[in-house]
Amino acid sequence: MTIWPLAHHPEAAGEARKIAKEILAMWRVADEAADSVLLTVSELVTNAVEHARPPVILELSQDPGNHRVHIEVSDGGPAARDGDWTISCTPDEHGRGLDIVNHLTAVHGDRQAPGHGIHWADVATATQPDHAPNC
């Protein structure tokens, strides 16, 4: 399990993707599954920045036994108002993030704890082979 605190600003999603990409490469997660993990990380972190208070914390873990990457993004609980990006958008420009997460993940959900919310998802993965198969 790896845990990273993220700054509570719009660039956090990009930072989270960069971190996740490095970890997924170390775990040898196949490219298609890695893309799903990266987009899920981006959506969950963006939601935390836009709809919740700091801190924003990214947690990634791998369960090779069930071929999944577990993603958790915790935040400081609901914000009094949405972030600047959400406020500046028309309704058709946002609001699809959880639909995307639902499509990309095996399962996802959230739970509340005193002073913070945790949004999590499991993405099905496969690892890349150690070497090319013999022909």
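Couple of notes before you dig in:
- Elements of type strands (runs of 3 or more DSSP E) in the stretch 1-88, at least 1 residues being under 22 Å from Asn102 (Cβ atoms) and touching a residue at least 24 places away in the same chain (Cβ under 8 Å): 56-63, 68-75
- Test for Ala132: is it assigned to a loop (DSSP other than H, G, I, E, B) and modelled with pLDDT under 55: yes
- In the set Gly117, Gly83, Gly76, only one residue is open to solvent by less than 20 Å² (accessible area, probe 1.4 Å) and modelled with pLDDT under 90; that residue is Gly83.
- Scanning the stretch 103-114 for residues that are open to solvent by 60 Å² or more (accessible area, probe 1.4 Å) and in a strand (DSSP E or B) yields His108, Asp110, Arg111, Gln112.
- Residues within the stretch 47-73 that are farther than 18 Å from Ala113 by Cβ, open to solvent by 50 Å² or more (accessible area, probe 1.4 Å) and either among the acidic types (Asp, Glu) or touching a Gly at 6+ places or on another chain (Cβ under 7 Å) (or both), tallied: 1
The values are calculated or read from the model by the stated rules, or taken from the named source; none is laboratory data. Not measured: the values here are computed from a predicted model. Positions of Cβ are backbone-derived with ideal geometry, glycine not excepted, and every protein chain shown enters the neighbour counts. Areas reflect the complete protein model, heavy atoms only, side chains present, ligands, DNA and RNA absent. Shrake-Rupley method; radii C 1.70, N 1.55, O 1.52, S 1.80 Å.
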